[in-house]
Amino acid sequence: MSDRRSSWFKGVLDLLVLAALTGGESYGYEIAKLLGGAGFGQIKGGTLYPVLNRLEEAGLVDAEFRAAEKGPGRRYYRLTEEGRATLGEQGGLWLAFDHSVREVLARAGVEER
Amino acid sequence: MSTTDADDRHRQDGYLLELAERLRAHGLPADRVEATVMDLGAHLAECGAGDAEAEFGPAEEFARQLVPDTGVRAPADPGDEVETWRWTADAYVDEALLNRFGDEGWEVQRVDAVGRFVSHRDVAQPQRWEYRRELVTRGRADVDLRLAPDGWEACGDWLVYAYYKRPRAASLGPAARVDSPPPVPERSSFFSRKFYALLAVFAAALVVAGAVAAVGDGDASSGLGFVTGGIVGAAIPAAAAWTYQRRRTRRS
């Protein structure tokens, strides 16, 4: 069952990352922590960074490496206008999908656990 | 630092060194390799993961996942491979920078809704490009017609400016090829001192005008209201310009 949850998560991780950036720019670990705190559990760097790279290549986020005065430098990610539009469009489709699944499951008497 | 911490650190360094090697082997530019490894090192330090491989997976597999998505991967047909870079500059320096980066093989495809030059570079055969900027207040069609015979092709608009590109191969022939293209620049914003000076003058003028209003009325809130009004007054045409550009980008 955990495999199924993992595949759902991978299917929607790009949208979750875009959503995590609507509050302003952020970096990899902070995004992982935010999503972890939202109930998705610990997100490994090996899962997150390739997604961030894909979003950058698609022009949905901008990335900039900035050296820090104290501590190590980091790549900061920021949502682009294109990313915001994609989040609205794809996020809306996901919610519609979620709504349909919920309706069918509710009719079958399934309850949330 | 305990022996275990030192061992973990040693193993992490070993992993990151190996990852850097593999990223380079996959063709990632040197500055990107350095930035990526520093970023991942910061991630490990912050999340407290002792085992880098448990966090990121085997170095080779992770490198493969990272590099294919940076625009420098080798697709089935190497001739189709392009790098993409989005950048912006103010009107004081944009034309000079377009030509500088054009000499490094960057071809502007379009100007996006937020005013960035969306640029591509052919990895296998980068070619030099030259650019010019024209002021257009009544549509671009006449300017397009005037410049077309000389090989200029429109590549984007930003408010009252139209940008045109032309391959240097038209005048240089094979010499227009960039033999050793520099890596993709890490910076994406180029604003001149003139631009910052203009902003500073605007801000100073606003503050002085606010202060004069406050003294004249004998009321500090009057000055504050003046400054707020000035900022809002500047924001309205900026928002209108942004909306206009966004619509134009969508249409094109």
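The values are calculated or read from the model by the stated rules, or taken from the named source; none is laboratory data. All values reported here derive from a predicted model rather than from experimental measurement. A quick note on method: Cβ atoms are made from the backbone with ideal geometry, for glycine too, and the neighbour counts reach across all protein chains shown.
Taking segment A:28-48 as the range and being more than 14 Å from every other protein chain (Cβ to nearest Cβ) and surrounded by fewer than 11 Cβ atoms within 10 Å (Cβ to Cβ) as the test, only A:39 passes. For segment B:30-58, a residue qualifies if it is facing chain A (nearest Cβ under 7 Å) and surrounded by fewer than 16 Cβ atoms within 10 Å (Cβ to Cβ), and exactly one does: B:45.
Output yes when any residue across segment B:90-109 is within 12 Å of another protein chain (Cβ to nearest Cβ) and either in a helix (DSSP H, G or I) or modelled with pLDDT of 75 or more (or both), and no when none is. Yes, that holds for at least one residue. Within segment B:210-230, none of the residues are on the phi > 0 side of the Ramachandran plot and in a helix (DSSP H, G or I).
For segment B:74-86, indicate whether the set of residues that are among the basic types (Lys, Arg), out of contact with any His (no Cβ under 6 Å at 6 or more places or on another chain) and at pLDDT below 75 is non-empty. The answer is no; no qualifying residue exists.
You will find that of B:202, B:190, B:195, the residue that is aromatic (Phe, Trp, Tyr) and over 30 Å from residue B:147 (Cβ atoms) is B:202 and no other.
Within segment A:60-80, the set of residues being out of contact with any Phe, Trp or Tyr (no Cβ under 8 Å at 6 or more places or on another chain) and either polar (S, T, N, Q) or closer than 24 Å to residue A:9 by Cβ (or both) comprises A:60, A:78, A:79, A:80.
Counting the residues of segment A:75-111 that are of a type in the set (Phe, Trp, Tyr) and assigned to a helix (DSSP H, G or I) gives 2.
Entry remark, segment B:189-203: residues being surrounded by fewer than 16 Cβ atoms within 10 Å (Cβ to Cβ) and in contact with a strand residue (DSSP E or B) (Cβ under 8 Å, 6 or more places away or on another chain) number 2 in total.
Checking A:25, A:81, A:56, A:89 one by one, the residue that is surrounded by fewer than 11 Cβ atoms within 10 Å (Cβ to Cβ) and either within 13 Å of chain B (Cβ to nearest Cβ) or not hydroxyl-bearing (Ser, Thr, Tyr) (or both) is A:89 and no other. Residues in segment B:117-176 that are free of Cβ contacts under 8 Å to residues at least 24 places away in the same chain, touching a strand residue (DSSP E or B) at 6+ places or on another chain (Cβ under 9 Å), of a type in the set (D, E, K, R) and not in a helix (DSSP H, G or I): B:140, B:153. Taken over segment B:177-195, the criterion of being assigned to a helix (DSSP H, G or I), in contact (Cβ under 8 Å) with a residue 24 or more places away in the chain and of a type outside the set (A, V, I, L, M, F, W, C) is satisfied by B:194 alone.
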